[in-house]
Structure formats: C-alpha cells, structure tokens
Amino acid sequence: MRFVDEYRDAGRARALAAGIAARCRPGRRYAFMEVCGGHTHTIYKHGLEDHLPEEVSLVHGPGCPVCVIPMGRVDDAIHIASQPDVIMTSFGDLLRVPGGTGSFLDAKAAGADIRMVYSPLDALKIAKQNPDRRVVFMAIGFETTAPSTAMTVLRAAAEGVRNFSVFCNHVMIIPAIKAILDSPDLRLDGFIGPGHVSAVIGCEPYAFIARDYGKPLVVAGFEPLDILASVHMLLGQLAEDRCEVENQYARVVPWHGNPVAMEAIGRVMRLRPHFEWRGLGFIAHSALAMAEEYAAFDAERVFDLPGVRVADPRSCQCGEVLKGVLKPWECKVFGTACTPETPIGTCMVSSEGACAAYYNFGRFTRDRRPAVIPLGEVSRA
Amino acid sequence: MSGGEQQVLDRIERARRRKPVVREELITLAHGSGGKATQTLVEAVFLEAFRNPLLATLDDGATLPLGSARAAFTTDSYVVSPLFFPGGDIGDLAVNGTVNDLAMCGARPRYLSAGFILEEGFPVADLRRVVASMAAAATAAGVEIVTGDTKVVQRGRADGCYITTTGVGVIERPGTLSASAARPGDAVLVSGPIGAHGAAIMLARGDFGIEAPITSDTAPLHDVVAGLLDALPGQVRTLRDATRGGVATVLNEVAVASGVSVVLEEAAIPVRTEVTGVCELLGLDPLYVACEGRFVAVVDGAHAQSALDALRAHPLGAEAAIIGAVAAEPEALVLLRTAIGGTRVVEILVGDPLPRIC
Ligand code: SF4
C-alpha cells in the first residue's frame, strides 16, 4: 500500500508539527473546523491531535452524513422497509442510527428485509434479481455520494427497471457551512474543507467564505499528513494576513470539480426548499429531492409516507457544540438524557461525533494522558 | 479542569459502573458481534441467571477442579456463511475453534462433542465434505470426537448447516491463565498477522466484487501454545484467541478484567498487505477483524523476548510479534500509538464494525 504509507510517515508528521507550532502566535488560540466526517475519522484514527500544539484546536463539523439525518427520516425509511414486498438497501454505517422508534437493525430484527450495500448499483442489481419485490435504496450523503445515486437512477431508467426507487436524503455542504457562519457567536478561525465533496463541486463554491465572512479555507485530503499540511496552510494564511480558498488536495480535487457528476445530479435531482438537519434544524436549500421527471424512481412518491417529524428535543444543543460555542459536557442533557446508547443529537450518534468521543474518552483528553512506555524498552528487557 | 467538567465526568463514570441492561426488545445482529452489545447480553441475561464463580470469569472456557486433576471445558457454535471459503470450511472452524479455546485455558485438548443442525434440502455431499474436514482437523489437533447429535429443521429455518462443538482438555501445568491476570510491565504479543480469516470470509461472500489472494488463518493453536507455556513456566498471564471482534476486542476484555491499560504500537502489529488493502477499501479496521488461528499472549515483560522466540520456533508463530505493553493507567483502556506518532483509544465496538460510506 505505497500510496498510503507515503502520507503516513512519522518523520514528516513531526516536521509538519514543528512548522505548525512555529506559525502559532504565542498566547493566541486557533480553532479550525474540519467540515467533513472523513477528516474527523482520520484525525481520530491516527491520533493527530497529539501533533498539534495547545494553541490549535480542531472543531468537528456537521459533515458526517449519517449523523445529520433527522430521526423522522429514519422512521419514514423504516416505514417503507416494513412493507411486506420491500427490500430496503442501505450503506452499513446507517444501520445503527436511531430514529424516533429504533434503527434499521431493530427493524431488521422485527422482520423487515434490510440489506447492506456498498453502492447504489448493488441495490439496482438486487432489484433486477428480485423482480417481484420493490427495492428501495436509502440514499444519504453529501455531493460525494449523490452522483452515484443519480447515475444509478439514470441507468435504471435506461434499462427500464420498474421495481427500483430511491429514498433521497442527499444533503449539501455549502448551506450547512453557511448556517454555521451565520451564527452570531461563531468562534472559528478557518475551515479544513472537505476533499471528496470538493472533487465533485470544485473549490469555487467556497469563495464566499473567504470573501464575505473573512475565514480562510483549505481543501484537504484524507491522509494524516494532508490534514497536518492543511492546518499548516491555514496558519500560514493567518500569519500573512491572507484569507483565501486554497487546495491542498490538488492530486484529487480539480479546481472546477467534476462537471459530469454535477450534470448527473442536475438531471436527476432538484433542490428542496428546506430540509431538517439533526441538531441544526431546518436549513433552506440544503438538500436534494428526486426531480419530477424521475418520479417513478422516487420512493417519496411511490410510497405513502407518514412524513414523520420527530422534533429535536428543545434541550439539544448540538448547534452550539458544532459551532464551537459549547464544549460537549456543557450541554444540558449531556450524559443524562443524551448518551451513546440513547443519542438525542447528531454529535452523539457516531462514535466520532464530538459528544460521543467526549463521553467515551473525556477522562482521557490530551492534557490527561499518561506517559506511554516505549515499546523498545519492553522488547529489550 | 473545571469543577463542572469533573462533575460531568464523575456522572458518566457512575453510569458506566451501573449493571448492564439490555434495552432492546428483540435480539439484533449487534448482540452476536462480540462487542459491547454481546457483553451486555451475556452479563445481563446469561450471567444473571446462571451466576457461579466458574462462569463469572467469562474466560474462553471454564477450568474445572476434578479431584487432584484439572480440566478445561468449553463450547462454541459455528454459523459461518459461506460454509466453504478459501483456507477452510465450517468443519475446520468447528474443530479448531474449540481446540483453541481449550488451548487458551492452557489445556491439552482431548475430547470433542459435535452437534449438527441441518436444514432440510442440505446436500449430503456438502455434509460429507464438512465432516471430512472435521475428521482431518481432529486428527491434526490430536482430539477425538466422541459424542454427537443431529437435528434437521424445515427448509428456511436454518442456513444449511450449523455446528456446535464442546471440548474437554487436561490442564497439566500449574497456574491459571485468565484475562484478569495482566499486570503493569507485562508485554503483549500476537502469534501472527491478524485479520486474515475475517477478510477471507467477507471476500468469499462475494458482495464487494473485490478479489484478493486472502485465505483464512484457521489452525489449531494448542501446539504453539504448549511451546510458549513450556518456555515461560509461570510467566504467561493471559492467552486469548482473537476470534470475533478481533485483537481490539480481546485486549479490551483483558484491560477491563485486569483493571490495567494496554498500550499497542501500531507499527509493530503484523497485518498482511492484502488484508490492509481490503480493510482500507471497505472502511474497516484490521484490529477488529476476526482471526481463527491467531492468539494474543500477555507475558511477564522481563520474558518478552523468550516468549517471542518460543512462538517463532513454531510454524504457526513464525511471524509472531511483540505489539504492546501493559501499564497501570488509564485503567480499563486500550491505547494505540499510531504509526504517525499520535495516540488514540481503541474502543470496544457496540456491534459489528460497520463500513463507513466516506
Ligand atoms: S449532548 Fe447530545 S444533545 Fe447535547 S450537544 Fe451533544 S449530541 Fe447534542
């Protein structure tokens, strides 16, 4: 796995860490949000925060597509899945996400036919193999996964598959970032921009963040060194009083994105007037629905949906946590009503969400780490 | 740290210590994953009802005092799909798995029972093939299958063939191995590259359209274990085969049962390139992927090198490695020093490791 090791070199990480520390002005604090859940995962999996000086903190953003699904949509999907002739297909990480009345896993235990797939094309394949069943693909994700959903629908239409539909929950990253930027008590100094999303939409849509809100953004890759490099670039902009959109991930992200993918989305989907985000509430023009022309593939039209709305409890303060205003433990329901077993807000759903991570490992944060015995000593003994 | 934060942390700590409760009304697949949901089920339902000192250790098998002798006793059910996969089949697993659980108690495996649940319509030729594998595996492991049972259920009520094996072994060496015996300063070893069995099964299901030359690591471990125990009399604390839930889950059990922390060195953990590749593609972490012929050993730190030599002297331990050490704090946690020089917590999963979409 050369292509991976190249971006996981401890020596280069230390060099970047030294560069980051050198760019911090003493006494100043820097908070950067990594918007994308994939970045949160990398930071967490590689223990990257250990390479950051005390002055720099990373705020985990709303970019985990699984966590932002509102409970009502999960309930609606379970309603569809519970029809006797339906096979519901879903990405694996959604299976455990709770709605108001349980998760896909619970529904499966109660008899629903729910299958894990790796791509919408797998779902289409299942539809072709089971002509007497109605097969629904639970579509979630940002602009990263929307193109493959769109292309699958185009293929289904071309092949005349009639028993396949999509329950469309695709969301868009820009309105979410804007919602965070519009918060009056925002405390962020810059953004680590999503890599895969940008490969589709390009870097231009972020221009307003630097121009109108005065926050720098660096589009970053998903290897640990990519993230350290983008923090380094953000600090460089701040040190030099620049404020722009930069592309650290040029090896994958073209500045203008992927027009073919954007076109597929444009053909098959249209903007929703508004969409609910778990923990963030309703955000205008923040999600996609199936277009009129593809109504036959739109599960929202094919099935009679209860349209469940499970209001986020008023005590939920995810918005504040996401904006970096509150620390997880400062939320009123943290650890009492809201726990990883019974999550209320989005930050508690995935183990990488800010609240879940703090719940599980808060007693073991950066400043409370014990000295680690070097392995060399053990093996030499 | 502020007083408010400490209060919240204390509250979580109290909640953590509360008796586990099963909240679900129905069994879900998560209850069978080996992770937190399985532990909760075992403790809240089974242990609650059957409680006795032998069961309470929740080790891989029970150690039975029989007069002046000691026996190890264990049972396991096998429900793998597909039944045949690169490197083995359900028959190999059913023998090796139980042999290994006995070996992890420090016992010499002797006798096995075998119970079959067969689905109406299951091909007799397939059954013969499975049984032939069991016979070969039993011979290789030096055990005899001395009693058994067969049930047939209606079509659709089972997935072809399920096997349950129970095993008895003799414990000939003094001392008891247990997940609760790890102490600060101990060394942690693994007997070979991890994750091959789980990766082979995932590929054999054919859901991913990925092909890679990965075969299951299923193998009987009693011999390599005997070599280790003979080389380090009284210095081996814990042996666990890293089956369901992988090395991460097993070491979390050790950390919790012993009240210690286990600190792993990512760069030292042997994983075959193909397994790493498949895991990267599927968004899984090899630390949680099942092995059927690998075990984790916790030994006195002063004897780590001799333990490594003993393991490597056996073909099944040729690629063994020292992967970490036991520390006093932070209690009940597994930490990983990542290759890039960070540290992270290796948590106990709630259910099956689920692939990430992005
Ligand atoms: S504790 Fe729960 S409700 Fe409060 S911010 Fe965290 S996830 Fe949201």
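The values are calculated or read from the model by the stated rules, or taken from the named source; none is laboratory data. Computed from a predicted model, the values in this text were never measured in an experiment. Counting neighbours? That spans all protein chains shown, and the Cβs are built from the backbone with ideal geometry, glycine included. Note: accessible area is taken over every heavy atom of the protein model, side chains too, but ligands, DNA and RNA are not part of it. Shrake-Rupley method; radii C 1.70, N 1.55, O 1.52, S 1.80 Å.
Observations, loosely collected:
- For B:GLU319, B:GLU280, the ranking by accessible surface with the largest value first comes to B:GLU319, B:GLU280, using a 1.4 Å probe.
- Kyte-Doolittle mean at least -0.5, axial Cα span of 24 Å or more - DSSP H helices of chain B: B:124-141
- Loop-resident sites, segment A:24-81, for GluC sites (Glu not before Pro), counting at most 16 other Cβ within 10 Å (DSSP): A:GLU54
- Between chain A and chain B, roughly 5100 Å² of accessible surface gets buried, counting both sides and using a 1.4 Å probe.
- When the alpha carbon coordinates of segment A:81-176 are projected onto the principal axes, the ranges are 40, 35, 18 Å, largest first.
- Normalised by residue number, the volume inside the convex hull of the Cα atoms of segment B:71-172 is 87 Å³ per residue.
- Hydrodynamic radius by Kirkwood, which averages 1/r over all alpha carbon pairs of the protein assembly as shown, in angstrom: 27.3 Å
- Under 13 Å, Cβ to Cβ, from B:THR40 - net charge with Lys/Arg +1 and Asp/Glu -1: +1
- Annotation: amide H-H contacts under 5 Å for A:HIS170 (H modelled 1.01 Å from N, sequence separation of 5 or more, or interchain): A:LEU288.
- Those residues of segment A:325-346 whose amide nitrogen sits under 19 Å from the label point placed on B:ARG14, 7 Å along Cα→Cβ: A:329-342
- Annotation for B:THR273 and A:ARG115: the two label points, set 7 Å from Cα along the Cα-Cβ direction, are 3.5 nm apart.
- Loop-located chymotrypsin sites (Phe, Trp or Tyr not before Pro) across segment A:177-276 with a Cβ neighbour count of 16 or fewer within 10 Å are A:TRP255, with loop assigned by DSSP.
- Value of relative contact order over chain A, rounded to a whole percent, pairs C-alpha under 8 Å and six or more apart: 18 percent
- The longest part of chain B holding none of the exposed loop trypsin sites (Lys or Arg not before Pro), meaning those outside H, G, I, E and B in DSSP with at most 12 other Cβ atoms within 10 Å, is B:206-358.
- Kirkwood analysis of the Cα pair distances in segment B:205-304 returns a hydrodynamic radius of 15.3 Å.
- Computed over protein heavy atoms with a 1.4 angstrom probe, the accessible surface ordering of B:SER81, A:SER103, largest first, is B:SER81, A:SER103.
- Under 5 Å, built H, 5+ apart or other chain: amide partners of B:LEU335: B:VAL262, B:VAL263, B:LEU264, B:VAL346
- Extension gain, B:ARG128 to B:LEU281: 0.36 nm times the residue separation minus the Cα-Cα distance gives 51.5 nm.
- By a 1.4 Å probe calculation restricted to protein chains, B:ASP309 has an accessible surface near 90 Å², given to the nearest 10.
- Applying both filters, DSSP loop and at most 13 other Cβ atoms within 10 Å, to the trypsin sites (Lys or Arg not before Pro) of segment A:95-196 gives A:ARG162, A:ARG187.
- The share of C-alpha pairs in chain B whose separation exceeds 27 Å stands at 48 percent.
- Cβ-based charge dipole, segment B:71-172, positive-most Cα from B:VAL131, B:VAL143, B:ALA72: B:VAL131
- Kirkwood Rh in Å, taken over all unlike Cα pairs in segment B:179-345: 15.9 Å
- Residue with peak Gaussian network fluctuation, chain A [Cα springs, cutoff 10 Å], from A:ALA176, A:ALA109, A:ALA207: A:ALA109
- For chain A, the longest principal axis of the C-alpha atoms and the axis of helix A:120-129 are separated by about 30°.
- Annotation: amide H-H contacts under 5 Å for A:GLU246 (H modelled 1.01 Å from N, sequence separation of 5 or more, or interchain): A:LEU217, A:VAL218, A:VAL219.
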